[in-house]
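Read through the structure below, which is laid out as structure tokens, and then see the notes.
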Amino acid sequence: MDLLQYMYSVTLRARSTKELLDVLMVADKFEVTSCVDWCSTTLQDSPMSMENALVYIDLPRHLHTNNSVKSLIDKAKKFLLQQLGDID
């Protein structure tokens, strides 16, 4: 329903990370690129946590070619590097 709402009004009810990720995955499945971009940009603007960073990095490989998703993944990688530092 969130994807349909986005398609008709360019707004989303979804606000939590889980909800936005669910919408992102459905939008990708139905090739609604603008919604994928909106969700990934919104996720990028939200506070990063270790759990979220790991989820973002684990997104399906085909999404890694989308520029906005790639930016989200890059931000997650940088966050993890800052949090974990140099681990040998």
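Taken over the stretch 3-36, the criterion of being within 20 Å of A53 (Cα to Cα), in contact with a helix residue (DSSP H, G or I) (Cβ under 9 Å, 6 or more places away or on another chain) and assigned to a loop (DSSP other than H, G, I, E, B) is satisfied by A14, R15. Here G85 clears all of (1) modelled with pLDDT of 95 or more; (2) exposed (fewer than 11 other Cβ atoms within 10 Å of the Cβ) except the condition numbered (1). Number of residues in the stretch 29-66 that are among the polar types (S, T, N, Q) and under 11 Å from the mean Cα position of the chain (by Cα) equals 7.
As a summary of the residue check, K70 satisfies the conditions (1) in a loop (DSSP other than H, G, I, E, B); (2) in contact with a His (Cβ under 9 Å, 6 or more places away or on another chain) except for the one numbered (1).
The values are calculated or read from the model by the stated rules, or taken from the named source; none is laboratory data. None of these values were measured; they are calculated from a predicted model. As a convention, Cβ positions derive from the backbone with ideal geometry for all residues, glycine included, and neighbour counts pool all protein chains shown.
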